[in-house]
1. If you scan the stretch 156-202, which residues turn out to be on the phi > 0 side of the Ramachandran plot, away from ligand 1 (no atom under 11 Å from the Cβ) and open to solvent by less than 70 Å² (accessible area, probe 1.4 Å)?
2. Going residue by residue through the stretch 178-185, is there one that turns out to be assigned by TED's automatic domain parsing to the domain that holds Thr73, within 24 Å of Asp40 (Cβ to Cβ), touching a residue at least 24 places away in the same chain (Cβ under 8 Å) and within 16 Å of ligand 2 (Cβ to nearest atom)?
3. If I filter the stretch 233-254 down to residues being more than 16 Å from ligand 2 (Cβ to nearest atom), within 19 Å of the chain's Cα centre (by Cα) and open to solvent by 10 Å² or more (accessible area, probe 1.4 Å), which single residue comes out as farthest from His7 (Cα to Cα)?
4. Considering only the stretch 8-30, I want to know if a residue exists there that is modelled with pLDDT of 95 or more, under 23 Å from Lys210 (Cα atoms) and open to solvent by less than 10 Å² (accessible area, probe 1.4 Å).
5. Considering only residues of the stretch 39-94 that are part of a strand (DSSP E or B) and among the acidic types (Asp, Glu), which is farthest from Ser10 (Cα to Cα)?
6. Taking the stretch 123-145 as the search range and keeping residues that are open to solvent by 30 Å² or more (accessible area, probe 1.4 Å) and of a type in the set (Gly, Ala, Ser), which one is farthest from ligand 1 (Cβ to nearest atom)?
7. Checking the condition open to solvent by less than 10 Å² (accessible area, probe 1.4 Å) and modelled with pLDDT of 95 or more, which residue from Ala70, Ala35, Ala47 passes?
8. Being within 28 Å of Pro264 (Cα to Cα), without any contact (Cβ under 8 Å) to a residue 60 or more places away in the chain and of a type in the set (A, V, I, L, M, F, W, C) is true for just one of Leu110, Leu79, Leu36. Which residue is that?
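The values are calculated or read from the model by the stated rules, or taken from the named source; none is laboratory data. The shown structure was predicted, so the numbers you read here are calculated from the model rather than taken from an experiment. Every residue, glycine among them, receives a Cβ derived from its backbone with ideal geometry; neighbour counts consider all protein chains shown. Surface areas here come from the heavy atoms of the whole protein model, side chains and all, with no ligands, DNA or RNA. Shrake-Rupley method; radii C 1.70, N 1.55, O 1.52, S 1.80 Å.
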Amino acid sequence: MLKVDLHCHSNVSDGVLPPAEVAACARQGGVEVWALTDHDEVGGTAAARAAAQEQGMRFVAGVEISITWAGETVHIVGLQIDENNEALVKGLEATRSGRDARGQEIGNQLAKVGIHGAYEGALEYVDNPALMSRTHFARFLVDKGYCKDVPEVFKKYLSPGQPGYVEHRWATLQDAVGWIKGAGGIAVIAHPGRYKFTDMQEGVLFDEFKQLGGTAIEVVTGSHTPDQYPEYAKLANAYGFLASRGTDFHAPGEARVDFGLLPPLPGSVKPVWHDWF
Ligand code: AMP
Ligand code: MN
Ligand code: MN
Ligand code: MN
């Protein structure tokens, strides 16, 4: 079976390595088909494509778009996109535009619980000024000794209900799927097992996504627990979705599963790449 990884981040969003180094890590982990899917950004695509070619991997142009659905943040991955498509580029630009102001507000909120200078501190970790992420705050707080690791920062400070959480309105589901499809791409619901939806809400999300032209859901991802792989394989088949696979790599040592160790898709599902090659 082809080793396919269709979900990774570089320092063009909240990963720590430049696209070419992510490509090298992927290759080292045995990846043969690779997509870079930075948050709300396609700025790393050219470098990623060149590096993939150099490493002898097939390259898939991708993106991970932040949306707000039923009041929650959901991520929609776009694969096989034309990264120069004007509507997509403009849509991503609009999606990114509130990130800096949100970062300043996160800093203000954290100051109220005694953590000062977090905005400036987090900025030190940002390589793309248009893409300040909660992850940058998390790394700053870990390095300053407030928490032992990134997941702990999210739990204590950066998740809904916690002192550093700032409400934010992202793109709509309809916009994100529309931009992806308009750019010739395939829309995929990222890590569906991570959202705090009831089964019924999840069903409504899947139905709406399908109606809008969505094609696949992630089944095997570093953002799922292993018991969620068969669960979402079943749901993919029940809803007639293709299945995707990816590590959701951000940084060496930060991942739940490394490149080489992510299991293959269950045999019961149809891979999103089934007709690509
Ligand atoms: P943002 O787009 O700025 O809201 O940040 C979202 C990013 O934060 C995600 O893409 C993940 O990389 C990271 N993240 C979210 N929740 C967690 C968590 N519980 N543990 C670790 N990283 C997380
Ligand atoms: Mn991320
Ligand atoms: Mn995500
Ligand atoms: Mn991701």
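1. Gly184
2. Checked against the condition, which is being assigned by TED's automatic domain parsing to the domain that holds Thr73, within 24 Å of Asp40 (Cβ to Cβ), touching a residue at least 24 places away in the same chain (Cβ under 8 Å) and within 16 Å of ligand 2 (Cβ to nearest atom), the stretch 178-185 yields no hits at all.
3. It comes out as Leu242.
4. No.
5. Per the criteria, the residue is Glu72.
6. The qualifying residue farthest from ligand 1 (Cβ to nearest atom) is Gly145.
7. Ala35
8. Just one listed residue meets the conditions, Leu36.
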